[in-house]
Amino acid sequence: MPETEIRAFEESHGIDLPVEYRSFVSEVGNGPAGPGHGLMPLTTPRREAGEEWAADNEWEEDRLQRRLAGPFPLTERLPGRIGVPTDALTSGTLMLADEGCGIFIRLVLNGPHTGEIWRIDPDWGGFVPVSSGFRTWYIDWLTGP
């Protein structure tokens with residue numbers, strides 16, 4: 001992605017993308033292959049958007065005014081079943097990938113956990129960190145089984 005588009009996205013949402021993710025988007029691609037059902041694009045909906053995928057709804061919600069710039073509400077992991085609406089927990093995060101069954105991978109954009117990758121599985125796994133950063137998370141996927 002061109003630097004001007006990345007900067008425009010950041011400015012329109014009042015955020016600074018974590019360096020590792022920002023570098024990936026500028027040097028590798030805007031939503032290429034990745035974990036789960038692939039990485040979601042940063043600036044434009046998937047070509048398949050509109051086919052009733054939950055990931056597309058998450059993508060759109062993330063782009064609501066000031067949502068990405070909001071504070072990340074968790075100070076520690078939240079394991080197990082989540083008893084509150086997930087949108088109350090995902091402020092200040094960007095959905096990176098859909099793992100299916102309502103499970104999403106999110107990049108924390110604000111606060112002490114900035115740059116970490118968290119998985120939200122509201123029915124069973126909770127909202128927990130899975131990697132200290134984008135690069136490690138993506139490389140683990142590339143080199144994994």
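List of remarks:
- The lone criterion from (1) surrounded by 20 or more Cβ atoms within 10 Å (Cβ to Cβ); (2) farther than 28 Å from Glu11 by Cβ; (3) not polar (S, T, N, Q) left unmet by Val128 is number (1).
- Of the candidates Thr43, Thr86, the single residue that is more than 21 Å from Leu17 (Cβ to Cβ) and polar (S, T, N, Q) is Thr86.
- Among the residues of the stretch 8-44, those identified as of a type outside the set (Asp, Glu), touching an Asp or Glu at 6+ places or on another chain (Cβ under 7 Å) and more than 24 Å from Pro145 (Cβ to Cβ) are Leu17, Ser26, Thr43.
- So Glu76, is it in a helix (DSSP H, G or I), free of Cβ contacts under 8 Å to residues at least 60 places away in the same chain and open to solvent by 20 Å² or more (accessible area, probe 1.4 Å): no
- Flag for Asp98 being over 19 Å from Asn30 (Cβ atoms) and either open to solvent by less than 20 Å² (accessible area, probe 1.4 Å) or acidic (Asp, Glu) (or both): no
- Number of residues in the stretch 1-22 that are hydroxyl-bearing (Ser, Thr, Tyr) and over 15 Å from the mean Cα position of the chain (by Cα): the value is 2.
- Scanning the stretch 114-143 for residues that are farther than 24 Å from Thr43 by Cβ and assigned to a loop (DSSP other than H, G, I, E, B) yields Pro122, Asp123, Trp124, Gly125, Ser132.
- Given (1) touching an Asp or Glu at 6+ places or on another chain (Cβ under 7 Å); (2) open to solvent by less than 10 Å² (accessible area, probe 1.4 Å), number of the condition Arg106 does not satisfy: (1)
- Filter result (farther than 19 Å from Arg106 by Cβ and either among the hydrophobic types (A, V, I, L, M, F, W, C) or not in a helix (DSSP H, G or I) (or both)) within the stretch 7-27: Ala8
The values are calculated or read from the model by the stated rules, or taken from the named source; none is laboratory data. Bear in mind the structure is a predicted one, so any value in this text is a computation, not a measurement. Cβ coordinates were reconstructed from backbone atoms using ideal geometry, including for glycine residues, and neighbour counts include every protein chain displayed. We work out accessible area using only protein heavy atoms, side chains counted, and drop any ligands, DNA or RNA first. Shrake-Rupley method; radii C 1.70, N 1.55, O 1.52, S 1.80 Å.
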